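The next block holds one structure in the form of structure tokens; read it before the comments.
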Amino acid sequence: MKWRLLTFFVENVCIIMINLRIALSGLLLTTCLGHSVLMAQTTLSLSNYTYSPAKPVVGTLRVPASVRGLKLQGPNASSFKLDKNNQLSIVASAAKASAPWYDLMVEGKTAAGSVRDTFRIVKDEFIRNQVIAHRGAWKQSGTTENSISSLQNAIKLGCMGSEFDVHMSADSVLFVNHDHSIQGVSIEKATAAELAKIKLPNGESLPTLEAYLTEGIKQNRTKLILEIKTSMLGKERSLALTERVVAMVHRLRAQAWVDYIAFSYDVCQKVKSLDPDAKVAYLNGDKSPEQLAADHLYGLDYHFSVLKKNEGWINDAQQRNLTVNAWTVNDKDTLAWFLEHKADFITTNEPELLLSMIAK
């Protein structure tokens, strides 16, 4: 009898501890994402995160129906205005100031308590020259692709964007690398501690997504084109990676910088479900502009051979307000073809060459 009572007691203590751990994990996730009280269903978001002196309207603040009494808070609250339609604008003096961005807190009330979030509102000085450096600018400089220095080189060159690839370790830490393995180590099957020991050919450590984004958001000229890699371990793993990527972008307040791309259509749709205003482009080349527009994607990002074979898709996409990107274009003739056909972006391992062609 005593043994049965002891077993019952131990089992119930274990259940209580598990439930407590789950509750604490939920609270921690909520805190990390910047929400003080309520969970993801009350997340605040913006339709846009940039401004300019010529375009003081930032965007629409999106809130669940349960949230009322929105107020701007924090030291930068007086630099912005929120109208009755939840449209956020920056005041003229703040828009003309030299600050590259402002952090703005928004707070609302619900029956369950308060909800708040802080947004980084960025001055739109982003370059618009069509040049997307594939895995950063690494080839001509002799550094390593997808490294922090390759990102820095793309920024120094004045590229419109720097593309990079993200995987998730066995213990759910996000790393930047193109292939699924590096130096014989499978990223998805290795721990973060194991991956942290790896040195790139240029001497840098294998970058985490957090380190890469932290470096990228120090400026407001070059966009960060984030590819969510399709997991080799299955669809659920890809979707779990997607959730963590979007959470990281939001935690670092990097929404103004990041555009998402993916070969998996499920991943593209998952990003949109997590952040309906995110800019998401599809890579695989097997869907028409009509379908992408119907699913509210930002654009198509197809291999150059697909677009040359389906030349009409370029104009069709743009007529549907989709952007067109061609990858990975490295020879002068093909670069010239896409410039002539007015592609919105061209992803290349030769950003220096493309920049020189545009400058002529």
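The values are calculated or read from the model by the stated rules, or taken from the named source; none is laboratory data. Fair warning: this is a prediction, and the values are worked out from it, not measured in the lab. When we count neighbours, we look across all protein chains shown, and the Cβ atoms used for this are built from the backbone with ideal geometry, even at glycine. Areas reflect the complete protein model, heavy atoms only, side chains present, ligands, DNA and RNA absent. Shrake-Rupley method; radii C 1.70, N 1.55, O 1.52, S 1.80 Å.
Residues in region 251-293 that are open to solvent by less than 70 Å² (accessible area, probe 1.4 Å), under 27 Å from E125 (Cα atoms), touching a helix residue (DSSP H, G or I) at 6+ places or on another chain (Cβ under 8 Å) and not hydrophobic (A, V, I, L, M, F, W, C): Q255, Y260, D275, Y282. Considering region 74-88, the residues that are in contact with a Ser or Thr (Cβ under 9 Å, 6 or more places away or on another chain) and open to solvent by 60 Å² or more (accessible area, probe 1.4 Å) include one that is nearest to D277 (Cα to Cα), namely Q87. For region 264-321, the set of residues classified as among the polar types (S, T, N, Q) and either touching a Phe, Trp or Tyr at 6+ places or on another chain (Cβ under 6 Å) or part of a loop (DSSP other than H, G, I, E, B) (or both) consists of S264, N284, S288, N310, N321, listed by residue number.
In region 119-141 there is at least one residue matching the filter, namely being farther than 30 Å from A359 by Cβ and crowded, with 21+ Cβ neighbours inside 10 Å. With the condition kept exactly as written, say whether any residue in region 91-106 is under 21 Å from the mean Cα position of the chain (by Cα), among the aromatic types (F, W, Y) and open to solvent by 60 Å² or more (accessible area, probe 1.4 Å). So far as region 91-106 goes, yes, one or more of its residues are under 21 Å from the mean Cα position of the chain (by Cα), among the aromatic types (F, W, Y) and open to solvent by 60 Å² or more (accessible area, probe 1.4 Å). The set of residues in region 342-360 that are open to solvent by 20 Å² or more (accessible area, probe 1.4 Å) and not in a helix (DSSP H, G or I) comprises K342, D344, F345, N349, E350, K360. Out of curiosity, is L339 among the hydrophobic types (A, V, I, L, M, F, W, C) and either in a loop (DSSP other than H, G, I, E, B) or open to solvent by 40 Å² or more (accessible area, probe 1.4 Å) (or both)? Criteria met by L339.
The residues of region 166-207 that are in a helix (DSSP H, G or I), more than 25 Å from S141 (Cβ to Cβ) and open to solvent by 50 Å² or more (accessible area, probe 1.4 Å), listed by number, are K189, A193, E194.
Within region 252-282, the set of residues being farther than 19 Å from K229 by Cβ and in contact with a Leu (Cβ under 6 Å, 6 or more places away or on another chain) comprises L252, W257.
Residue pairs whose Cβ atoms lie under 9 Å apart, separated by 6 or more positions or on different chains, with the first residue in region 155-178 and more than 22 Å from A256 (Cα to Cα) and the second modelled with pLDDT under 95, do not occur.
Sort out which residues of region 208-228 are open to solvent by 10 Å² or more (accessible area, probe 1.4 Å) and among the aliphatic types (A, V, I, L, M), and write them in order of number. Those that are open to solvent by 10 Å² or more (accessible area, probe 1.4 Å) and among the aliphatic types (A, V, I, L, M): A211, I217, I225. With the condition kept exactly as written, say whether any residue in region 313-328 is among the basic types (K, R), open to solvent by 30 Å² or more (accessible area, probe 1.4 Å) and out of contact with any Lys or Arg (no Cβ under 9 Å at 6 or more places or on another chain). Taking every residue of region 313-328 in turn, at least one turns out to be among the basic types (K, R), open to solvent by 30 Å² or more (accessible area, probe 1.4 Å) and out of contact with any Lys or Arg (no Cβ under 9 Å at 6 or more places or on another chain). Under 6 Å between Cβ atoms, which residue pairs at least 6 apart in sequence (or on different chains) link something in region 262-290 that is over 24 Å from L44 (Cβ atoms) with a partner that is of a type in the set (F, W, Y)? Between residues of region 262-290 that are over 24 Å from L44 (Cβ atoms) and residues that are of a type in the set (F, W, Y), the close pairs are A281/Y298; L283/F263; N284/F263; G285/Y302; P289/W313. Screening region 76-118 for residues that are among the aliphatic types (A, V, I, L, M) and either in contact with a Cys (Cβ under 9 Å, 6 or more places away or on another chain) or in a strand (DSSP E or B) (or both) and picking the one that is modelled with the lowest pLDDT gives V115.
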